[in-house]
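Participant: Take a look at this one; I'll ask things after.
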Amino acid sequence: MHIPDGFLDGRTAAVSAALSITALGVALNHAKRSMPPQRIPLLGLTASFIFAAQMLNFPVAGGTSGHLIGAVLAAILLGPGGAVIAVTAVLIVQALLFADGGVLALGANVFNMAVTGSVGGYALYRLIGRIAPGPRGRLVAAGFSSWLMTVVMSVLCAGELAWSGTSPWTVTFPAMANVHMLIGLGEGTITMLAVAAVARVRPDLLDDRSGRPAQSYGPLLAYGGIIVLGMVFFVSPFASPWPDGLERVATSLGFEEKALSPPVIQSPIADYRIPGLGSSVAATGLAGAVGALLVFVLSFFLAHLLVRDHRQGSPT
């Protein structure tokens, strides 16, 4: 659902960028006030996991693929503020280094996936969790929130395309919503599996009020890093080559040629390929490893500086 440059007009890009910058400022302030220092590594690891998972396109139907967005999963682990930071870091690295999503459309992509997906998904997850408490209720909340927010994000994307005059609302809305209802099933399933795995090995990450003693994040970072590297080296080269939901809709509705070519910025690792490497499998794996590391560094140090400044500025 990464919107490329050329699909949005200047007005839509500017408004969405202003909204995203405002929301990101609120998220940074929220993290500065509420994020415990020991959770900073988790933010970086979550961002890296989402980056790696977004490389793994899964087939849906009719020659269309989808991939994890991860905003709801990030919000469950980090809270809405931390999730906005983590997903935004992913989107920035994807746009600048990999030409995955436009630079001019970055504000819209951040607003749709990082802001709306994280904040809306977290609110819905908490609401369903209150109605259906317990481990099963938590899984239902995670799965349904992920599915619904995938559809909501696609509808926002359709609205931005219509407002830009790229494609009429009456045809873009049903096309985007229908295909992302199917993609959302994959999003919900992956989120449920991830939450179930975390609940099994580190339930304290899902509930700070569980009463369990705080555990070290060292082993989590080590094992999580191994999992991320395994995903980018051994799984991502075999991801589905089919176009994702937005690409499929753009092709079927005839506005795919609006994408700017050449792009605004010549990305050094466009399409997740390392120049000079003959093996496409090795190139994809190495590019994914570089991206995952950069996403971790960007989100980790941003959160680290915020929390450090907060502690230095707090009264003693």
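Participant: With a/c under 1.5 counting as rounded, go ahead and sort region 46-93 into rounded, prolate or oblate using the C-alpha gyration tensor (a ≥ b ≥ c being the square roots of the eigenvalues; past the cut-off, prolate if a/b is larger than b/c, else oblate). It would help to have the intermediate numbers written out before the result.
Facilitator: Values: a/c = 2.90, a/b = 2.07, b/c = 1.40.
Prolate, since a/c reaches 1.5 and a/b exceeds b/c.
Participant: What ranking, highest mean first, results for peptides 260-268, 104-112 when packing means the other Cβ atoms within 10 Å averaged over each residue? Kindly include the intermediate steps, with their values, before the conclusion.
Facilitator: Values: 260-268: 12.8, 104-112: 25.6.
Highest to lowest by the protection proxy: 104-112, 260-268.
Participant: Right, another one. For mean projected area of the Cα convex hull in nm², pick the label among [x] 16.6; [y] 28.0; [z] 21.2 that corresponds to the value derived from the coordinates.
Facilitator: It is the one labelled [x].
Participant: Please state the relative contact order of region 1-102 as a whole percent: Cα pairs under 8 Å, 6+ residues apart?
Facilitator: 34 percent
Participant: For region 147-200 and region 46-107, what is the separation of their C-alpha centers, rounded to whole Å?
Facilitator: If you average the Cα positions of each part, the centres end up 13 Å apart.
Participant: Name the residues whose placed amide hydrogens come within less than 5 Å of the amide hydrogen of G66, ignoring near sequence neighbours (fewer than 5 apart) on the same chain.
Facilitator: Under 5 Å from the amide H of G66 lie the amide H atoms of F58, V60, each far enough along the sequence or on another chain.
Participant: Tell me, what are the semi-axes, in whole angstrom and largest first, of the equivalent ellipsoid of region 1-59 as set by the roots of 5 times the Cα gyration tensor eigenvalues?
Facilitator: Largest first, region 1-59 gives 27, 22, 6 Å.
Participant: Convert each backbone phi in region 111-123 into a coupling constant with the Karplus relation 6.51 cos²θ - 1.76 cosθ + 1.60 (shift: θ = phi - 60°), then list the ³J(HN,Hα) values in order as whole Hz, x for Gly and Pro.
Facilitator: Karplus-based 3J(HN,Hα) across region 111-123 equals 5, 5, 8, 6, 7, 5, x, 6, 5, x, x, 5, 4 Hz.
Participant: Compute the relative contact order of the chain as a whole-number percentage, counting only Cα pairs closer than 8 Å that sit 6 or more residues apart in sequence.
Facilitator: Dividing the mean separation by the residue count of the chain yields 31 percent.
Participant: Enumerate the calculated ³J(HN,Hα) couplings along region 37-49 in order (Karplus 6.51 cos²θ - 1.76 cosθ + 1.60, θ = phi - 60°), each rounded to whole Hz, writing x wherever the residue is Gly or Pro.
Facilitator: x, 5, 8, 4, x, 5, 4, x, 5, 4, 4, 5, 4
Participant: Packing-wise, with mean Cβ within 10 Å as the measure, how do 25-33, 42-50 rank, highest first? Display every interim value, and only then the final one.
Facilitator: Working: 25-33: 17.0, 42-50: 27.7.
In descending order of packing, they fall as 42-50, 25-33.
Participant: So, one more: Tell me whether region 1-129 comes out rounded, prolate or oblate; compute the Cα gyration tensor, take square roots of the eigenvalues as a ≥ b ≥ c, and use a/c under 1.5 as the rounded threshold. Can you show the working numbers first?
Facilitator: Numbers: a/c = 1.65, a/b = 1.24, b/c = 1.33.
Because a/c hits 1.5 or more and a/b fails to exceed b/c, region 1-129 counts as oblate.
Participant: Now for a separate question. If packing is taken as the average count of other Cβ atoms within 10 Å, what order do 160-166, 224-230 fall into, highest mean first?
Facilitator: 160-166, 224-230
Participant: Grab the Cα-Cα distance for I227 and T189, subtract it from 0.36 nm times how many residues apart they are, and report the gain in nm with one decimal.
Facilitator: Details: separation 38, 0.36 × 38 = 13.68 nm, distance 1.84 nm.
That pair, I227 and T189, stretches by 11.8 nm at full extension.
Participant: Still on this model: Which whole-Hz ³J(HN,Hα) couplings does region 249-258 yield from phi under the Karplus relation 6.51 cos²θ - 1.76 cosθ + 1.60, θ = phi - 60°, glycine and proline marked x?
Facilitator: Once rounded to whole Hz, the list reads 5, 4, 5, 5, 9, x, 10, 5, 6, 6.
Participant: Just check region 242-283 against the gyration tensor rule for me: Cα atoms, a ≥ b ≥ c as the square roots of the eigenvalues, rounded for a/c under 1.5, and otherwise prolate or oblate depending on whether a/b exceeds b/c. The partial results should precede the final answer.
Facilitator: Values: a/c = 3.94, a/b = 1.71, b/c = 2.30.
Oblate, since a/c reaches 1.5 and b/c is not below a/b.
Read the figures in this text as sums done on the coordinates, not as results from a lab. Model, not experiment: these values are computed from the prediction. Methodologically, a virtual Cβ is constructed for each residue, glycine included, from the backbone with ideal geometry; neighbour enumeration extends over all protein chains shown.
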